[in-house]
């Protein structure tokens, strides 16, 4: 799989709409084109709302039938996301239902260059709130408050090992396998975002985990750099991330460092993205870990995409046969505006081999 990742680097990713990088690649857009937040995710602006309502779905409501808008007032936007899933495990021989996330969003424009955003996840009792001031040259910004730092590729599926991995997943065994960016991870931070001409974005944040960190811990530092280019009909992006983070494992505070690279391409109906991260002092002091994600998607028809993703996590590179991987094969179906269905089959790859493959049907509703 290293060769596969190298190919994805050479071919060259990301930005977000609905926290899905491939949408931005296919549409040749940037995060700020569809989101109030310059780094993507959370509440959608009016362009992002229009995309979700009229572009991505198989069937869209006609304006003469019903008027839809994310605006509560001229300066206030409203939005939400809700995700749940049915998961059947070959190992457990049963199906279970699981609430994944359910979030409400508000955004208020204090002025032409200042926005205040709020998010409350009522399923996980997690909140975010911050202000964004686009007062620096070239529409660069300052962001301050409580939010998820910008590291790597923000997939909306936290079961990828570059995100939360098996964190909170039904039928998972043992410790959470995956990096720190699970649905509960939030920092209280100050972030600077610098737009470099019209092709690059550099972000840097300094803050602290909001949960279970002693007051004496040094602050976390996260940086990320991406370059975007349009070459003919293809959208290309490549970049890297670094984070120095205080994590807690078995009661010990560890000085964890993460180094990552990511890349991708969007070409007509096709997109490919990849991320590779190396981590030190994460699950134990002096331990080295790696995480890998490669995702390929193809638009079969309006409202229907085929998705295949390979994820791999090695908790200790010095130990043999402790790696965990899964191959996810599925569809993403948008039958109507603001409705998504995701049937997936996940093949677990591990030694010794266990009969623990699973079928997942995810439901996503948003506005």
Candidates 7, 59, 86, 17, filtered to the one that is at pLDDT below 80 and over 29 Å from residue 129 (Cβ atoms): 7
- prompt: From the list 146, 160, 140, which one is buried (at least 23 other Cβ atoms within 10 Å of the Cβ) and on the phi < 0 side of the Ramachandran plot?
  reply: 160
message: So, residue 359, is that one buried (at least 17 other Cβ atoms within 10 Å of the Cβ) and in contact with a strand residue (DSSP E or B) (Cβ under 6 Å, 6 or more places away or on another chain) or not?
response: no
- prompt: Does the range 118-125 contain at least one residue that is under 24 Å from residue 189 (Cβ atoms) and in a helix (DSSP H, G or I)?
  reply: no
task: Could you tell me whether residue 265 is over 27 Å from residue 89 (Cα atoms) and part of a strand (DSSP E or B)?
output: yes
message: If I go through the range 205-235 residue by residue, how many of them are more than 19 Å from residue 263 (Cα to Cα) and either in a strand (DSSP E or B) or modelled with pLDDT of 95 or more (or both)?
response: 7
query: Any chance the range 280-298 includes a residue that's part of a strand (DSSP E or B) and within 18 Å of residue 55 (Cβ to Cβ)?
result: yes
- prompt: Just a yes or no: is a residue in the range 217-229 closer than 24 Å to residue 294 by Cβ, surrounded by fewer than 17 Cβ atoms within 10 Å (Cβ to Cβ) and over 20 Å from the mean Cα position of the chain (by Cα)?
  reply: yes
- line: residue 322 meets each of (1) farther than 30 Å from residue 48 by Cα; (2) in a strand (DSSP E or B) with one exception, condition (2)
- prompt: Is the range 261-276 home to any residue that is over 28 Å from residue 200 (Cβ atoms) and over 16 Å from the mean Cα position of the chain (by Cα)?
  reply: no
field: Where a residue in the range 25-45 is on the phi > 0 side of the Ramachandran plot and buried (at least 24 other Cβ atoms within 10 Å of the Cβ) and its partner, wherever it lies, is in a loop (DSSP other than H, G, I, E, B) and modelled with pLDDT under 80, with Cβ under 7 Å and at least six apart
entry: 40/15; 40/16; 40/19
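The values are calculated or read from the model by the stated rules, or taken from the named source; none is laboratory data. Just so it is clear, the model here is predicted, and its values are computed rather than measured. Cβ coordinates were reconstructed from backbone atoms using ideal geometry, including for glycine residues, and neighbour counts include every protein chain displayed.
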